[in-house]
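Values quoted throughout were computed directly from the atomic coordinates according to the rules given, and no laboratory measurement underlies them. Model, not experiment: these values are computed from the prediction. In this analysis, Cβ positions are derived from the backbone assuming ideal geometry, glycine residues included, and neighbour counts consider all displayed protein chains.
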Amino acid sequence: MLPSNTSDFELKNPQASKSGGPRAGLFVTIGLLVLLIGVIAFAVTRLPTGTLSRPAPAAAPAPVPTANVVANGVTADAATQQAIQDVIRKLDEAQAQAIATNDPNVMVATATADFYQQQVAINQDLVNNGVTEVKLLNLEWGQISVAGNTATATVYETWSTTFDDGTTEQARDRNVYTLVQENGAWKVQADEHPDQQAAGAPGPAPAP
């Protein structure tokens, strides 16, 4: 155990008193060096060993589409609208020509097979009811939208209908066309008349 009186210890151990101070300081210095080396070694082991990677940039918000989204797709671009308008105009002109010449084959190029058969039946019904001539007077274009290979087009058509008794009637009707692509070309698949009071077949109809 350590002596309780310092002076007694120094008298009995004079050499310890002279050499203890420097030796203690040396031990403290060595201890601090060891501690410092240990801290540095610990810090080095905690460093990442792989290549530092830059943080990934935050994902930018998705852009809002600029096209007008409608129920059946998106608004068609100018070129597609023009192509669809041309097909519908040719179909109407072909229907008028078919009645005038009694040759329905002129409607084949602009209609699907099913719609072509419908148009043939419509034209025959018109002729059976005394229609001798139909003429397209005006087209007023509305919304034209595309969804994949399908398109819808709204157009207000004004027709003149002449009967076998010489009378002529004029009517303006809203048509909603459905078109599909066949071999890269648009063809009419259906034609609806949503404003007609009574259910009727598509095509030019006499004014009420």
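In what order do I30, I88 fall by count of nearby beta-carbon atoms within 10 Å, going from fewest to most?
Values: I30 10, I88 22.
In order of increasing Cβ crowding within 10 Å: I30, I88.
What does the charge count near H193 come to, summing +1 for each Lys or Arg and -1 for each Asp or Glu among other residues with Cβ under 11 Å from its Cβ?
Details: positive: R174; negative: E157, D173, D191, E192, D195.
Surrounding charge for H193 is -4.
Quick one: F163, F27, F115, fewest Cβ neighbours within 10 Å first, how do they rank? All intermediate terms of the calculation are to be shown ahead of the outcome.
Values: F163 15, F27 10, F115 22.
The order, fewest Cβ neighbours first, is F27, F163, F115.
Among 99-106, 31-38, how do they line up from the highest to the lowest mean number of other beta-carbon atoms within 10 Å?
Numbers: 99-106: 14.4, 31-38: 10.0.
My ranking of the peptides, most packed first, is 99-106, 31-38.
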